[in-house]
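Visitor: Encoded as structure tokens, here's the structure I'll be asking about.
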Amino acid sequence: MSRVVVVGASGNLGTAVLRALNSDHEIGSVLGIARRPPVTDAEPYGQVEWAAVDIAEGEHVVDELTELFTGADAVIHLAWQIQPNTRRDQLREVNVDGTRRVAEAAGRAGVGQLLVASSWAVYSPDPDKQRRDETWSAGGVRSSHYSVDKAAQERVLDDFEAAHPQVAVARMRTALVFQREAGAAITRYFIGPFIPPQVLSPRTLPVVPLPQGLQVQVIHAEDAAEAYLTVLRAGERGAFNAAAEPVLDVAALGRLVGRGRTVEVPWGLVRPLLALGHKARLAAADEGWVDMARELPMMDSSRLRGLGWQPRHGAEETLTEMLRGLAGSEGTPTPVMVPGVRSFGHMEEAAATTMTPSRPRPTLSQEAGRDGVPDHINAPLLGLYLSDHLTGATAGRDRISQMARRYATTRLGPELARISAEIEGEHAFLSDVVDTLGLHQRSPRKVLAAVGERLGRLKMNRRVLQTSPMTPLLELELMRSAVIGKRSGWQVLATYADDLGLPEELFTDLAELAARQADDLERLHEQVRIQAFALEGQHVA
């Protein structure tokens, strides 16, 4: 198999699938697609190509995906949004419409196999709570948005299969997917920040309250990924259940989560308590998850095992590892899996600050510029020039930092974060140059620049003081102009570097960096200008 594309490749399951694909020597290349591609060389992310695509952005995304899928043997679609669960339209746009766009692009591109992340949640309620194979009704649980969307996703696949019988479509119905590195992400999406991390450690609680008769199926992310590769290698189509053994009941959960003592709470009490906690924003998960746990059947994975799949991690081992990850708030260096952040509301700031690759800040040696400005150069005029550039650099630094935070959870986020980090270092370096040469910094100008930059964030429209739909377009244009101006400043300093006792090559490198930043901002501008003036729900060709 020469090429595989993974949509939603930077999350919990995506990380495990990338590891599995990278270790398979029969696969030639892997393309990862994410709304916010990771900016890291860490394994497994640094071993694949990346493209930034937001599958919820509109129907024009189908054309973009078709181009990326062309030449691929298989597409693995994992992208799914769970939070914010109060924004149902947004979730459906990503989960259901996004799946339709991915499938349509796969059909257009001539992809032979499409594997889609379905779930145990797709099944209809089973009053008997028996083991069921893939033939059990897939109507979902109506009171759960997650289950409803999973069922709707599979109806999309039904329609796609009818129209494209040449594509082998596989629906991977996995149990709860756990791994240690997903600890922080699962806390954000399901638990929330108010439960102390140490309480989540294995075998910690003296008494564990659990819903009466609760049964849970889990699967380790590595085994889920191997399930995908098993179906991929076999070229199979249809639905496949994937769960580890044994089913975890109240006794097992009490032994693993606590010290063995449990109190079984009636379902009729658990549901309203979770609904109240979710409404008060004390719990991230809503009551629909209780309804799924109460009503859905257990899955029989015999069909997948018949292809030779055998999970390496038992259910108890998997849950124990997950609890350790929760307690340690563990993760990986991607915007989705960022460690240490336990609140979904803090994800934008985390993605802007912790996902930025490090770049050495430019520095001057102790000898550089020590003699100051020579007599044949007009020092006051040079000071005014550099002070004005520093004023502009202050405004640019603040604006790009604010942009990186604002758009951290969009496809623009990773590159804006990187550019912001670079500009932060350059700003500090320029200030050092001015100080080293003994030139005066005009602080009132910097204050005015900072005030002007903040006022410039306010775009007046009918939604007073809210972000305008064309805000990213304008901000990218302003930043690109600022970066081009900055490049000119570095070129001037390169011209006079010898006279000032400064290293010319350092300023030449900074001018080249500014040129690359301008190109990057132009590319981001191209991404957003397509839809900048489209009416809501419409596509501009």
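The values are calculated or read from the model by the stated rules, or taken from the named source; none is laboratory data. Keep in mind that what you see is a predicted model, and the values were worked out from it rather than measured. Don't worry about glycine lacking a Cβ; one is built from the backbone with ideal geometry, like all the others, and counts go over all protein chains shown.
Visitor: It is to be established whether one or more residues within the stretch 177-192 are out of contact with any His (no Cβ under 7 Å at 6 or more places or on another chain), closer than 17 Å to residue 77 by Cβ, at pLDDT 95 or above and surrounded by 15 or more Cβ atoms within 10 Å (Cβ to Cβ). Lay out the reasoning, then the answer.
Guide: Of the residues in the stretch 177-192, the ones out of contact with any His (no Cβ under 7 Å at 6 or more places or on another chain) are 177, 180-192.
Next, only the ones that are closer than 17 Å to residue 77 by Cβ stay: 177.
Filter again for at pLDDT 95 or above, leaving 177.
In the following step, the residues that additionally are surrounded by 15 or more Cβ atoms within 10 Å (Cβ to Cβ) were identified as 177.
For the stretch 177-192, residues out of contact with any His (no Cβ under 7 Å at 6 or more places or on another chain), closer than 17 Å to residue 77 by Cβ, at pLDDT 95 or above and surrounded by 15 or more Cβ atoms within 10 Å (Cβ to Cβ): present.
Visitor: Another question about this same structure. Which one is surrounded by the most Cβ atoms within 10 Å (Cβ to Cβ) among residues in the stretch 476-507 that are of a type in the set (Ser, Thr, Tyr) and farther than 15 Å from residue 393 by Cα?
Guide: Filtering the stretch 476-507 for residues of a type in the set (Ser, Thr, Tyr) gives 481, 488, 495-496.
When the remaining residues are screened for being farther than 15 Å from residue 393 by Cα, the result is 495-496.
Working: 495: 11, 496: 15.
So the residue we want is 496.
Visitor: Right, something else. Can you name the condition, by its number, that residue 389 falls short on among (1) part of a helix (DSSP H, G or I); (2) farther than 29 Å from residue 499 by Cα?
Guide: Only one criterion in (1) part of a helix (DSSP H, G or I); (2) farther than 29 Å from residue 499 by Cα is unmet by residue 389, namely (2).
Visitor: Quick check: is even one residue across the stretch 99-118 buried (at least 23 other Cβ atoms within 10 Å of the Cβ), more than 24 Å from residue 306 (Cβ to Cβ) and among the polar types (S, T, N, Q)?
Guide: Within the stretch 99-118, one or more residues are buried (at least 23 other Cβ atoms within 10 Å of the Cβ), more than 24 Å from residue 306 (Cβ to Cβ) and among the polar types (S, T, N, Q).
Visitor: With 305, 237 as the choices, which residue is surrounded by fewer than 17 Cβ atoms within 10 Å (Cβ to Cβ) and more than 17 Å from residue 213 (Cβ to Cβ)?
Guide: Values: 237 fails: surrounded by fewer than 17 Cβ atoms within 10 Å (Cβ to Cβ).
The match here is 305.
Visitor: Follow-up question, since we're still on this one. Restricting to the stretch 42-89, what's the tally of residues that are of a type in the set (Val, Ile, Thr), touching an Asp or Glu at 6+ places or on another chain (Cβ under 9 Å) and over 19 Å from residue 528 (Cβ atoms)?
Guide: Within the stretch 42-89, the first condition is being of a type in the set (Val, Ile, Thr), and the residues that meet it are 48, 53, 55, 61-62, 66, 70, 75-76, 82, 86.
Then drop every residue that is not touching an Asp or Glu at 6+ places or on another chain (Cβ under 9 Å), which leaves 53, 55, 61-62, 66, 86.
Now restrict to residues that are over 19 Å from residue 528 (Cβ atoms): 66, 86.
The qualifying residues number 2.
Visitor: Can you tell me which of 162, 152, 121, 182 is more than 19 Å from the chain's Cα centre (by Cα), within 25 Å of residue 229 (Cβ to Cβ) and of a type in the set (Gly, Ala, Ser)? It would help to see each step written out before you state the result.
Guide: On the way: 162 fails: within 25 Å of residue 229 (Cβ to Cβ); 152 fails: within 25 Å of residue 229 (Cβ to Cβ); 182 fails: more than 19 Å from the chain's Cα centre (by Cα).
The conditions single out 121.
Visitor: Next question, about the same structure. Could you list all residues from the stretch 68-93 that are under 17 Å from residue 286 (Cβ atoms) and either at pLDDT 95 or above or of a type outside the set (Ser, Thr, Tyr) (or both)? It would help to see each step written out before you state the result.
Guide: Residues of the stretch 68-93 under 17 Å from residue 286 (Cβ atoms): 80-92.
Answer for the stretch 68-93, where residues must be under 17 Å from residue 286 (Cβ atoms) and either at pLDDT 95 or above or of a type outside the set (Ser, Thr, Tyr) (or both): 80, 81, 82, 83, 84, 85, 87, 88, 89, 90, 91, 92.
Visitor: Right, something else. Filter the stretch 40-80 down to the residues that are in a strand (DSSP E or B) and touching a strand residue (DSSP E or B) at 6+ places or on another chain (Cβ under 6 Å), then identify the one that is surrounded by the fewest Cβ atoms within 10 Å (Cβ to Cβ). I'd like the intermediate steps shown before the answer.
Guide: Of the stretch 40-80, the ones in a strand (DSSP E or B) are 49-52, 74-77.
With touching a strand residue (DSSP E or B) at 6+ places or on another chain (Cβ under 6 Å) added as a condition, the list becomes 49-51, 74-77.
Numbers: 49: 13, 50: 17, 51: 17, 74: 24, 75: 27, 76: 31, 77: 26.
That would be 49.
Visitor: Hey, another quick one. Looking at (1) under 28 Å from the mean Cα position of the chain (by Cα); (2) over 30 Å from residue 72 (Cα atoms); (3) in contact (Cβ under 8 Å) with a residue 12 or more places away in the chain; (4) crowded, with 19+ Cβ neighbours inside 10 Å, which one does residue 136 not meet, given that it meets all the others?
Guide: (1)
Visitor: In addition: Any chance the stretch 371-379 includes a residue that's out of contact with any strand residue (DSSP E or B) (no Cβ under 6 Å at 6 or more places or on another chain), closer than 19 Å to residue 518 by Cβ, buried (at least 17 other Cβ atoms within 10 Å of the Cβ) and not acidic (Asp, Glu)?
Guide: At the first step, the residues of the stretch 371-379 found to be out of contact with any strand residue (DSSP E or B) (no Cβ under 6 Å at 6 or more places or on another chain) are 371-379.
Adding the requirement that they be closer than 19 Å to residue 518 by Cβ leaves none.
Checked against the condition, which is being out of contact with any strand residue (DSSP E or B) (no Cβ under 6 Å at 6 or more places or on another chain), closer than 19 Å to residue 518 by Cβ, buried (at least 17 other Cβ atoms within 10 Å of the Cβ) and not acidic (Asp, Glu), the stretch 371-379 yields no hits at all.
Visitor: Let me ask you something else. Among the residues of the stretch 1-28, how many are of a type in the set (Ser, Thr, Tyr) and surrounded by 19 or more Cβ atoms within 10 Å (Cβ to Cβ)? Walk me through how you get there before you give the answer.
Guide: First, pick out the residues of the stretch 1-28 that are of a type in the set (Ser, Thr, Tyr): 2, 10, 15, 23.
Okay, now just the ones that are also surrounded by 19 or more Cβ atoms within 10 Å (Cβ to Cβ), so 10, 15.
Summing the residues that are of a type in the set (Ser, Thr, Tyr) and surrounded by 19 or more Cβ atoms within 10 Å (Cβ to Cβ) in the stretch 1-28 gives 2.
Visitor: So how many residues does the stretch 492-517 have that are acidic (Asp, Glu) and farther than 15 Å from residue 436 by Cα?
Guide: Restricting attention to the stretch 492-517, the residues satisfying the condition of being acidic (Asp, Glu) are 498-499, 504-505, 509, 512.
Restricting the remaining residues to those that are farther than 15 Å from residue 436 by Cα gives 504-505, 509, 512.
Number of matching residues: 4.
Visitor: How do the pairs read when you match residues in the stretch 159-176 that are more than 16 Å from residue 236 (Cβ to Cβ) with residues anywhere that are of a type in the set (Lys, Arg), using Cβ under 9 Å and keeping only pairs 6 or more apart or on different chains?
Guide: These pairs meet every condition: 159/100; 160/100.
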